[in-house]
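Working notes for the structure below.
Read the figures in this text as sums done on the coordinates, not as results from a lab. Because the structure is a prediction, the values reported are computed rather than measured. Here Cβ is always computed from backbone atoms with ideal geometry, including for glycine, and neighbour counts include all displayed protein chains.
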Amino acid sequence: MALLSVEHLTVSYGAIRAVRDVSFSVEEGEIVAILGANGAGKSSTLNAIMGMVPGSEGGVTFDGQETHGMRPERVVRLGMTLTPEGRHVFPNLTVDENLTLGAIPLRDRSKAPGLRQQAFDRFPVLGQRRGQAAGTLSGGEQQQLAIARSLMCSPRLLLLDEPSLGLAPRYVDLIFDLIIDLRREGVTILLVEQNVDQTLLIADRGYVLVTGQLQMTGTAADLRASSGIERAYLGIGAD
Amino acid sequence: MRERLTLDSPIQRSLAGTGLLGALLAALAVVVALIFGPAEQQVALNFYIWVIAVVGFGIYSGNSGIMTFGHVAFMGIGAYAGALLTMAPAVKAQSVPNLIVVVQDIQLPLLPAILGALVVVGIVAFIFGFPLSRLSAAATPIATLAMLMIVYVVLVGAADITRGSQTFFGVPPLTDLTVVVIFAIVAILTARVFRESVPGLRLRASREDELASRSMGVDVANLRLLAWMLSALVVGLAGFLLGHNLTAFSPKQFYFTLQFALVAMLVVGGPTTVTGAVGGAFVVTLLMETARRVEGLLAGFSLGPITIDHIFGLQEVTLGLVILAVMYRRREGLLGRLEVDEMLVRWWRGRRATAMPDRTEKPADGTRGG
Amino acid sequence: MDLDLFVQQLVNAISLGGVYALLALGLAIVFSVMGLVNFAHGEIMTLAGYGMWFVGMVIGLTLPFMFLAAILLGLLAAVLMERIAFRPVRGSSVVTMLITSFAVSGILQVTFQNVISPRPRGIVFPPEISQTIDVFGVDVEIIKLMAIVMVLGSLGLLMLFLRRTTLGISMRAAAQDFSVARLMGIRADTVIAVAFAISGLLAGVAAFLWVAQRGSVDPAMGLTPVIKAFIASVMGGLGSLPGAVVGGFVLGFIEVMLQAWLPDAALPFKDAVSLVIVIAILLWRPQGLLGKATDRV
């Protein structure tokens, strides 16, 4: 049974359909990528899975439980969490405070200090800046904080929304290395990205979204080999 | 050749809307004057004054999307300033003996007095409006509270002019049904013309999306100031008429209770349209009248061991509950977002579409059709 | 001005400003989390005052119980108000919520008039609190000192709560980015209820201090101080918690200074003058004293 199963997901913002009848699944231990150009509906998909979008229809099953219609506060406690696009750290709270908040859904509070230390081990720069306001960090540091924050609740499934967006190349490498490490530690990853090349190097499988609909799917190898992706991004042959 | 009923130019729309509403109001006035007695005529008179006030209020709050709580201050100023211009010098000498000689000796007829009162209202409106127009949309409502308080305190404190908190009496009863109906129509026309005009349109755009409009070069602050000034003048006019209807009043009457009713009327009918303002005034006036009569009935009423001495503020509670009902259930107000002429055009188009399917119209589902 | 008078006026300013600061802070907390400008906050204060009257005059308990009654009733009133009156409009526009709170305020005021009494209810306080004690050679009323201590104590406790507890940090997070806070597992319902609870507690303390210095409660008691607190909060920077506190104290200072220095003929206009000064400050800094210059105008 898949860890995450999405069936016939449709997301509407008023009269606008951002996502149309999208179905896919993620098995435990996989890294699955959702690719697509700007505005293809990738973020909307992730947000809808987390219950952040009231105007969504369809079925979302996580770990055997139907989660569609659940509030995000509840979804997170089931073991699935999202690192949103644009990082969204709490700017006026310190790095430490951001991490504290990330640990709120933890069932076993005693694990929190250990997880915090793990975050500092993974991202030394966060340990150096732990008392600083998160808004004063650079873009790359904020992205590290955002991911570290998400990891504080020990999620089984991590949804990452464009983690490499706007980052310098060395941070991008750092992030992608981290994703591989996480998979090794047993975290399943659903990754939304525009950076096709790097993503297909680390992902197992991928889906390609074009104007809200799934156009292609396959293993990372297949997708790398096909020319369909370029066409999808450039809108060639799209309806 | 297809015949379409369209009202394309702003002038056409304004006149059509005013015409429709004006005809309704005039007809109502005739009915009331012919069929009903003096008590009901008084209620109708109040209603028309309310129409002017709410329509004026909507010029600012409806078009800008900023709900404010200070407009009855302009009503108070309109009432007092107007009264000082229309009262007989003899009465003034007795009630406000310390008034400046120039004003004390004047007695103006209706129209010049209105002009004079509106000048005063305009000056005060600008003094407040200028700083207000520079505030954020979130801070403005609160600042208008400050304005209401300031004007109230000044009216009470300037006892030499206003008799302070004591009743200001002896105002000549210059208002009758004809006068208020005419002014109501004038107010409606003014509000519609502004709403359909370019500044009005721009202001409404800023209501929908302030950031987008400003990036298009719309000068939001000055638009708001313009709407504020126009709105204050119309509301001040309503205050003038109210004062001359009551013939005796005090500052307390132009404070929170009145403001509450004004907000209720705008909100219940629908803040974004002039039609809504008029409709809201109508509905709320009916409700208040009913509540007032119930209050009167219940005074001294006994049910077994319980005796109700007097119920205070049944009107306010009714207003409050009605406002809540609209907020919970139908936020755009009972009459929604369309003006009466726009509703008519839609209805007309709907009829024509079912009678004669129009092949050159674009199908509703967005396909190219044809 | 001699030292005595100066210190007394300073004490007055701080105690009055403190009350405004508490009210403004309560308003700011709710606004920062929900976007709601709660007009009915004044009625929470009034209700707390009535609680004091009931406990002190009807039941006949002593001052500490009256204080407890004030803060508990403030807390209860605020939480119930959120649950009953504001939950249906949660998430809607600022205007909708503003109008809703306006309506609730009117309904409550009239309800107080009918259920209790339209006339003020007197409350007898132990005479000791009006007595003065010697502070560094100056005579200061005990109640004013109590006010300063209570205000500073409340502010201190609130700061501890917001900085040291997870719930407090959650609230600050929710004020900055509500939807992402929910991603952290922070429950929307909890945060909003706690915001209201805090505002109710602060209103209760403010009510206690207000009533103790006036000796009576009436149905519209909360209206004027809360409107002034609102304006103070705007002056400090709408939605900013430190701004609310600063705004409250500044307003208190302005009012006390005007009371001391305005010529007699102008005294009836005191409130108007203080508000004009506030508007002038807003003209100079439309984003508020502590607001950032990049804030929307």
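In plain terms, the C-alpha convex hull of the protein assembly as shown casts an average shadow of 47.0 nm² when viewed from every direction. Under the simplified labelling scheme, the B:PHE126-B:VAL102 pair shows an inter-label distance of 1.6 nm, with each label point 7 Å from Cα along Cα→Cβ. Taking R0 as 22 Å, what's the FRET efficiency between B:LEU321 and C:ALA220 from their Cβ-Cβ distance, rounded to 0.05? Once the sixth-power term is evaluated, E becomes 0.70.
Springs between alpha-carbon atoms under 10 Å, Gaussian network over chain C: tell me which of C:ALA40, C:ALA69, C:ALA181 tops the mean-square fluctuations. Fluctuation is largest for C:ALA181. In this calculation the C-beta distance from B:THR178 to B:ALA248 is compared with R0 = 22 Å, giving a FRET efficiency of 0.45. Projecting the Cα atoms of B:VAL120, B:GLN166, B:LEU15 onto the charge dipole of segment B:10-255 (Cβ charges, centred on the Cα centre) puts B:LEU15 farthest toward the positive pole.
Distance between Cα centroids, segment B:60-100 to segment C:109-135: provide it in whole Å. A separation of 35 Å, based on Cα centres. Mean residue ellipticity at 222 nm, helices only, the protein assembly as shown: -20000 deg cm²/dmol; runs of at least 4 DSSP H residues each add -39,500 (n - 2.57), and the sum is divided by the number of residues.
Given a Förster distance of 41 angstrom, what is the FRET efficiency for B:VAL294 paired with B:LEU344, based on the Cβ-Cβ distance and rounded to 0.05? E(calc), rounded to 0.05, equals 0.70. Placing unit charges on the Cβ atoms only, positive for Lys and Arg and negative for Asp and Glu, gives chain C a dipole magnitude near 1120 debye about its Cα centre.
Extension gain for B:VAL30-B:GLN42 works out to 3.0 nm (0.36 nm per residue, less the C-alpha to C-alpha distance).
Extending 7 Å from Cα along the Cβ direction at A:ASP197 and again at C:VAL58 yields two label points whose distance is 7.8 nm. Over chain A, Cα pairs under 8 Å with separation of 6+ residues give a relative contact order of 26 percent.
Where the alpha-carbon atoms of segment A:124-168 are placed on the principal axes, they occupy 29, 24, 16 Å, in descending order.
Annotation for B:VAL91 and B:VAL119: the two label points, set 7 Å from Cα along the Cα-Cβ direction, are 2.2 nm apart. Between A:GLY36 and residues 5 or more places away or on another chain, which pairs have amide H atoms under 5 Å apart, with H built 1.01 Å from N, and which residues are they? Close amide H contacts, sequence-distant or interchain: A:GLU193, A:LEU209.
Charges were assigned to the Cβ only: +1 to each Lys and Arg, -1 to each Asp and Glu. The resulting dipole of segment A:92-152 about its Cα centre is roughly 160 debye.
For segment A:92-152, pairs of C-alpha atoms spaced more than 13 angstrom apart make up 54 percent of the total. The antiparallel fraction among DSSP beta bridges confined to the protein assembly as shown stands at about 65%.
Label zone of A:ASP108 (point 7 Å out along Cα→Cβ, amide N under 13 Å): in segment A:147-170 this covers A:154. Filter A:LYS42/A:LYS111; C:LYS228/C:LYS270; B:LYS92/B:LYS252 down to the pairs with a C-alpha to C-alpha distance above 23 Å, please. Exceeds cut-off: A:LYS42/A:LYS111.
Dividing the mean sequence gap of close Cα pairs (under 8 Å, 6+ apart) by how many residues chain C holds gives a relative contact order of 36 percent. GNM remark for chain C: springs join alpha carbons under 10 Å apart, and the peak mean-square fluctuation among C:LYS144, C:LYS270, C:LYS228 falls on C:LYS270.
The GNM of chain C, with springs linking C-alpha atoms under 10 angstrom apart, assigns the highest mean-square fluctuation among C:ALA266, C:ALA173, C:ALA28 to C:ALA266. With a cut-off of 19 Å on the backbone N, the residues of segment B:63-94 near the modelled label site 7 Å out from B:MET216 along Cα-Cβ are B:63-66.
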